[in-house]
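Here the structure is laid out as structure tokens; the discussion comes afterwards.
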Amino acid sequence: MTASPSDHHRPAAGAPSAPDHPAISLRAVTKDFGPGVKGLDEVSLDIAPGSITVLLGLSGSGKSTLLRHLNGLQRPTRGRIEVLGEAVGELPGPALRRLRREIGMIFQDFGLVGAMSVLENVCTGRLGSLRGPRMGLIMYPRAVRLEALEQLERVGLADRAHQRADTLSGGQQQRVAIARSLMQHPRILLADEPVASLDPVSSRQILDLLQRLREEDGLTVVTALHQVDLALDLADRVIGLRGGRVVLDRSTTGLSPRDAARIYESVATPTTEEMESLTDMSTLTAARR
Ligand SMILES: Nc1ncnc2c1ncn2[C@@H]1O[C@H](COP(=O)(O)OP(=O)(O)O)[C@@H](O)[C@H]1O
Ligand SMILES: [Mg+2]
């Protein structure tokens, strides 16, 4: 019997099995970056397994900080974060590395090695669970190479396997990055502005792909976006951040155009205070020159 990629997504032993157990849970999470700079401010929320949540907010509102806390890249100053039932802010190194294998992450700039082939880039997604250095495609076990091809097939790029990654378009590179993260067999996929540098057609393709992976693999997706229209099409739920605080948290079912306009206003329009701080910053920079 051949294993299909979705066979890899059975919950691990000891994982929370109750369907209503949140995949991610935050309680009063605060991150102080210094006096007066709060990356996160008393954030509490629960995210259901298999859901798609979009984090909305202006630049500097705390979206990336929140995502980095979910995979333990940053630890909270106060508060508690549980991911797949584990207290991520308190895990010792080895346990954190194990948990991170269940959490894929993709970024605005794709993070591929441009001079490497597409297929080898995808294979590197398995590095976290292989021993020893891997240099060159041939160093990966055959089973890993075959699975990397399967994952490329899923994102529609199997025919590009042997091309250099930097010869692909931005949208294709992001699909390769997604295939690479699938090599970890993640249960959660975090995406930090995955379509911010893509044209509208490629952006739509990436978001459709995220939706398909949620359907096929039951992935829990949390993604930062700054386009309200894309967010409302993609997400089950939108969470608006402003100055590290949750200022909006609602399901996208049954939204009227008026609700959409309010969402836009509450997260995408700078307040007078924010405008002033921007002006202050530019005056300050101008004065320093
Ligand atoms: N490593 C850091 N050191 C100091 N301040 C930071 C750091 N990372 C983020 N911040 C600050 O935290 C706030 C939120 O930043 P960020 O999460 O990057 O916002 P977003 O992703 O929504 O643009 C901003 O005020 C930013 O300047
Ligand atoms: Mg960011």
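Computed values, structure above
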read-out: Yes/no for Leu152 being within 16 Å of ligand 2 (Cβ to nearest atom) and either at pLDDT 95 or above or under 24 Å from Arg214 (Cβ atoms) (or both); value: no
read-out: Flag for Leu189 being touching a strand residue (DSSP E or B) at 6+ places or on another chain (Cβ under 7 Å) and not in a helix (DSSP H, G or I); value: yes
read-out: Residue within region 8-22 that is charged (D, E, K, R), more than 13 Å from ligand 1 (Cβ to nearest atom) and modelled with pLDDT under 95 present; value: yes
read-out: Test for Asp199: is it more than 16 Å from ligand 1 (Cβ to nearest atom) and surrounded by fewer than 21 Cβ atoms within 10 Å (Cβ to Cβ); value: yes
read-out: Tabulated pairs, region 178-193, first within 16 Å of ligand 2 (Cβ to nearest atom), second of a type in the set (D, E, K, R), C-beta under 8 angstrom, 6+ apart or interchain; value: Asp192/Lys63; Glu193/Lys63
read-out: Residue among Ile81, Ile103 that is in contact with a His (Cβ under 9 Å, 6 or more places away or on another chain), away from ligand 2 (no atom under 16 Å from the Cβ), in contact (Cβ under 8 Å) with a residue 24 or more places away in the chain and aliphatic (A, V, I, L, M); value: Ile81
read-out: Pairs where the first residue, in region 134-154, is charged (D, E, K, R) and the second is part of a loop (DSSP other than H, G, I, E, B) and surrounded by 17 or more Cβ atoms within 10 Å (Cβ to Cβ), C-beta under 9 Å, 6+ apart; value: Arg134/Tyr140; Glu147/Met183
read-out: Spans of helices (runs of 4 or more DSSP H) in region 211-289 with at least 3 residues modelled with pLDDT under 85; value: 257-268, 272-288
read-out: Residue in region 49-57 that is aliphatic (A, V, I, L, M), surrounded by 15 or more Cβ atoms within 10 Å (Cβ to Cβ) and more than 16 Å from ligand 2 (Cβ to nearest atom) present; value: yes
read-out: Number of positions in region 117-138 that are of a type in the set (A, V, I, L, M) and either more than 15 Å from Met183 (Cβ to Cβ) or at pLDDT below 95 (or both); value: 5
read-out: Helices (runs of 4 or more DSSP H) lying entirely in region 35-152 (those with 3 or more residues that are over 15 Å from the mean Cα position of the chain (by Cα)); value: 93-100, 118-123
read-out: Region 72-96, residues that are surrounded by fewer than 19 Cβ atoms within 10 Å (Cβ to Cβ) and within 16 Å of ligand 1 (Cβ to nearest atom); value: Leu73, Gln74, Arg75, Thr77, Arg78, Gly79
read-out: Every residue from region 159-181 that is of a type outside the set (S, T, N, Q) and outside any helix (DSSP H, G or I); value: Ala161, His162, Arg164, Leu168
read-out: Meets criteria (surrounded by fewer than 17 Cβ atoms within 10 Å (Cβ to Cβ) and out of contact with any strand residue (DSSP E or B) (no Cβ under 6 Å at 6 or more places or on another chain)) for Ser129; value: yes
read-out: Any chance Arg142 is of a type in the set (Lys, Arg), surrounded by fewer than 16 Cβ atoms within 10 Å (Cβ to Cβ), at pLDDT below 95 and more than 30 Å from Leu66 (Cβ to Cβ); value: yes
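Residue by residue, here is whether (1) within 16 Å of ligand 2 (Cβ to nearest atom); (2) surrounded by fewer than 16 Cβ atoms within 10 Å (Cβ to Cβ); (3) within 16 Å of Ala48 (Cβ to Cβ) holds:
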position: Glu216; (1), (2), (3): no, yes, no
position: Val221; (1), (2), (3): no, no, yes
position: Ala224; (1), (2), (3): yes, no, no
position: Leu232; (1), (2), (3): no, no, no
position: Leu241; (1), (2), (3): yes, no, no
position: Gly244; (1), (2), (3): yes, no, no
position: Asp249; (1), (2), (3): no, yes, yes
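The values are calculated or read from the model by the stated rules, or taken from the named source; none is laboratory data. Since we're looking at a predicted model, the values are computed, not measured. All Cβ positions, glycine included, derive from the backbone under ideal geometry; neighbour counts span all protein chains shown.
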